[in-house]
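Visitor: The structure is given below, and queries will be raised subsequently.
The values are calculated or read from the model by the stated rules, or taken from the named source; none is laboratory data. As the structure is a prediction and not an experimental result, all values here were calculated from the model. When we count neighbours, we look across all protein chains shown, and the Cβ atoms used for this are built from the backbone with ideal geometry, even at glycine.
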Amino acid sequence: MRIKPLFYLAVFTLLGDLSSRAQSDPLSSWTPRNLTLTNNGLNAIVYGNNEFVAVGTSGAVLTSPDGSTWTAQTTGAHGDLTGVAYGNTLFAAVGMDGSILTSPDGVMWTERLSSSNLLLAVTYGNGQFVAVGENNMFGGAILTSPDGIAWTSRVSASDVRLSSVAYGKNLFVATGGKSNSGEIVTSSNGIDWSLATVLPSDNSFVGAVYGNGLFLAGLSPGPGFLTSSNGTDWVFDSLQSVVPLGGGIDNANAFGDGYFAVVGHGLIATTPDGLAWSNRLAGPIASMDPDLLGIVFGNGTFVAVGVAGTVLQSGVLQEQPVLGPLVILPGGGSQITLTGQAGVTYPVQISTDLLRWTSLTNFALTGSSGSFIDLSASGSARRFYRVSSQP
């Protein structure tokens with residue numbers, strides 16, 4: 001009688017020594033980059049097409065494939081660039097003088113529009129770019145484009161300057177304000193906008209971002225922030241535990257690898273849920289007192305930019321690998337899917353008793369997931385698999 005083999009996927013990964021991991025928390029380790037390229041202020045940063053692109057004053061643009069090595073690019077623009085986004089295989093940058101520039105690679109740039117609007121931020125979602133800023137006559141300015149080339153002005157429903165815009169849950173959310181009040185407007189299509197429900201505040205609302213089912217925006221001068229699960233109803237909270245007295249979230253937020261990251265003047269703070277915050281600015285970096293204006297997550301790290309060409313990069317947040325599903329092959333053996341971080345090689349081990357483990361393969365992921373085949377499994381009555389997050 002033939003015994004049917006049993007296969008098991010271990011539901012754990014090998015994380016190494018926990019004390020050493022705690023000491024090397026990638027979110028508590030920030031490295032200065034771009035020490036010589038430019039002294040121009042860097043106002044915003046985006047990650048797209050495997051490239052970081054930072055924009056700043058006097059038309060400054062820096063690009064990097066990894067957040068560590070940077071190259072200065074020439075745009076032909078002379079005004080200050082204040083926002084940048086990626087979508088539809090295109091980078092789009094907006095400026096204080098109403099200019100909009102696009103680039104397929106972050107290197108070659110083309111001016112698409114110059115308007116009377118002051119433009120401060122741009123995002124991409126639902127098949128279109130949305131740029132926001134200020135119209136001297138009507139308050140908030142909003143422009144949209146399906147391709148980054150042809151732009152259309154929209155009615156914003158806001159009478160204040162809009163300084164940030166984000167997309168999530170099929171909704172655009174733009175935030176802004178004046179010296180003593182803030183406003184949030186939303187749109188499902190980028191064309192028709194309406195005011196969100198927010199309690200009166202003495203702060204402007206800045207740095208809108210979406211992640212993990214939650215919208216988040218900062219208060220300026222703060223300290224504090226707003227959160228919303230749907231983009232239309234917002235709740236206030238405080239950052240007093242991590243923000244020095246007199247400080248606030250003046251600038252930008254980002255989301256990546258399960259964390260929101262908030263930057264400002266002398267501030268880097270993170271949270272997984274908008275509730276429990278950790279101050280990440282310490283040691284030599286804290287003594288620099290960096291004035292940070294933008295942040296983004298890409299290629300496994302956060303990269304923050306700011307005044308005087310400041311670029312700070314966090315350690316690498318390595319996504320933990322997951323095994324499964326497992327498929328028993330008709331001719332014997334098994335095929336197992338491994339999900340993890342592209343470009344990482346993961347050691348996979350096997351066991352028949354969960355006590356003695358031997359190496360099966362070192363599997364290199366070229367994308368976020370891949371499959372390998374274990375032909376030697378056909379002769380086993382039972383078999384366990386596990387994967388390590390460390391080589």
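Yes/no matrix, rows are residues, columns are (1) outside the structural domain of THR123 (by TED's automatic domain parsing); (2) closer than 15 Å to ILE295 by Cβ; (3) not in a loop (DSSP other than H, G, I, E, B):
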| residue | (1), (2), (3) |
| --- | --- |
| ILE45 | no, yes, yes |
| PHE52 | no, yes, yes |
| VAL55 | no, yes, yes |
| LEU62 | no, yes, yes |
| SER68 | no, no, no |
| ALA77 | no, no, no |
| ALA85 | no, yes, yes |
| PHE91 | no, no, yes |
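Visitor: Restrict the check to the range 155-174 and report whether at least one residue is crowded, with 21+ Cβ neighbours inside 10 Å, out of contact with any Leu (no Cβ under 8 Å at 6 or more places or on another chain), assigned by TED's automatic domain parsing to the domain that holds THR271 and hydroxyl-bearing (Ser, Thr, Tyr).
Guide: Yes, the range 155-174 has at least one match.
Visitor: Of the residues THR366, THR310, THR301, only one is surrounded by fewer than 19 Cβ atoms within 10 Å (Cβ to Cβ) and either modelled with pLDDT of 90 or more or β-branched (Val, Ile, Thr) (or both); which?
Guide: THR366
Visitor: Tell me, which strands (runs of 3 or more DSSP E) wholly within the range 96-154 include 3 or more residues that are surrounded by 15 or more Cβ atoms within 10 Å (Cβ to Cβ)?
Guide: Working: elements: 99-103, 110-114, 118-125, 128-135, 139-145, 152-154.
Per the criteria, 99-103, 118-125, 128-135, 139-145.
Visitor: Can you tell me which condition ARG21 does not meet? The list is (1) modelled with pLDDT under 50; (2) under 30 Å from GLY333 (Cβ atoms), and all the others hold.
Guide: All conditions pass for ARG21, except number (2).
Visitor: If a residue must be assigned to a strand (DSSP E or B) and either under 14 Å from VAL322 (Cβ atoms) or in contact with a helix residue (DSSP H, G or I) (Cβ under 6 Å, 6 or more places away or on another chain) (or both), how many such residues does the range 341-371 contain?
Guide: Selection size over the range 341-371: 6.
Visitor: Can you tell me how many residues within the range 169-189 are over 21 Å from the mean Cα position of the chain (by Cα) and assigned to a loop (DSSP other than H, G, I, E, B)?
Guide: 4
Visitor: Of everything in the range 270-293, what is within 15 Å of ALA252 (Cβ to Cβ), under 18 Å from the mean Cα position of the chain (by Cα) and touching a residue at least 60 places away in the same chain (Cβ under 8 Å)? Give them in sequence order.
Guide: Those that are within 15 Å of ALA252 (Cβ to Cβ), under 18 Å from the mean Cα position of the chain (by Cα) and touching a residue at least 60 places away in the same chain (Cβ under 8 Å): THR270, ARG280, LEU293.
Visitor: Can you tell me how many residues within the range 259-290 are surrounded by fewer than 22 Cβ atoms within 10 Å (Cβ to Cβ), at pLDDT 85 or above and assigned to a loop (DSSP other than H, G, I, E, B)?
Guide: Matching residues across the range 259-290 total 1.
Visitor: So, one more: Which ones in the range 223-245 are modelled with pLDDT under 60 and buried (at least 16 other Cβ atoms within 10 Å of the Cβ)?
Guide: Matches in the range 223-245: LEU239, VAL242, VAL243.
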